[in-house]
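J.: First the structure, which I've put down as C-alpha cells, then a few questions once you've had a look.
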Ligand SMILES: [Zn+2]
C-alpha cells in the first residue's frame, strides 16, 4: 500500500531588514520505502504473472525492479533560491525542452517528454537550472501529466511571485503506446498558465510563439 506523496512548500525566511527573500524549500513528505518488502512483492507479482522466478536470469530481477521504482518515486529535496531582479528585467524568461520522465499512477508505466517553462519576472528571478530541478522534483512519484504541470506552475509562482507563469508539458505515455490502443508516438500536451499568461492574450501568445507551440 502506498500513500500519495504530499507536497509541502515551506518558506524558510531569513532574518534581516530585506523583505522576506523567498527561499522555497521543496520537500515532499513520503512514506519510507521498504526495499526488502518491495523486492518480495515484485517476486510475488512475477510468479502470479506466470514467470519463473527460480530461473537464473530472473534471480536478481525483483531486487532491481524494486530499486528502479524506489528511485523513480523518491523526490530529492532542494532549496529553490531566487534573486532580486536588480536590473528590472521585465521580458519573458523561457526555458524550452527540459527533458523529464515520470510514472503514470494508473499503470506504473513511464511517461516522458519535455517541459517548456516561462515566467514574466517581477521582483525576483531564479537560476535557470533551478527550473529544471523543479520539474525533476515533481516528476518523481506517481503522477498524472495534468497534476504535474499544475504543480510545477504553482511552485514557480509561489517562489517568484512573477507577473505571469506558463508551463507546457509534452509527453509520450508508454501505457498508451505499448498497450491498449498502441498509439505509438502520440504526444499529450498539457499547460498551466497563471497571472498575465492566463489573463493577457498577447503575453500568452508571446509564450506560445517562442516555444513554437500552437495555442
Ligand atoms: Zn497510464
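Read the figures in this text as sums done on the coordinates, not as results from a lab. Please read all numbers here as calculations on a predicted model, not as lab measurements. Here the Cβ is made from the backbone with ideal geometry for all residues, glycine too, and neighbour counts use every protein chain on show.
J.: Could you tell me which of rounded, prolate or oblate describes the range 126-215, using a ≥ b ≥ c as the square roots of the eigenvalues of the alpha-carbon gyration tensor, with rounded for a/c under 1.5 and, failing that, prolate when a/b is larger than b/c and oblate otherwise?
T.: Details: a/c = 2.46, a/b = 1.49, b/c = 1.66.
Cα axes put the range 126-215 in the oblate bin.
J.: Which value in nm describes the separation of the simple spin-label points at residue 49 and residue 158, placed 7 Å from the Cα toward the beta carbon?
T.: 3.5 nm
J.: Quick check: Cα centre of the range 26-88 to Cα centre of the range 142-178, how many Å?
T.: Between the Cα centres of the range 26-88 and the range 142-178 lies a distance of 21 Å.
J.: Could you state the principal axis extents of the C-alpha atoms in the chain, from the largest down, to the nearest angstrom?
T.: For the chain, the Cα extents along the three principal axes come out at 65, 44, 23 Å.
J.: Return the calculated 222 nm mean residue ellipticity for the chain, to the nearest 500 deg cm²/dmol, obtained by summing -39500 (n - 2.57) across DSSP H runs with n ≥ 4 and dividing by the residue count. Can you show the working numbers first?
T.: Working: 7 runs with 74 residues, N = 215.
Helix contribution divided over all residues of the chain: -10500 deg cm²/dmol.
J.: I would also like to ask the following. Given a 10 angstrom Cα cut-off, can you work out which residue in 81, 61, 149 is the most mobile in a GNM of the chain?
T.: Top of the fluctuation ranking is 61.
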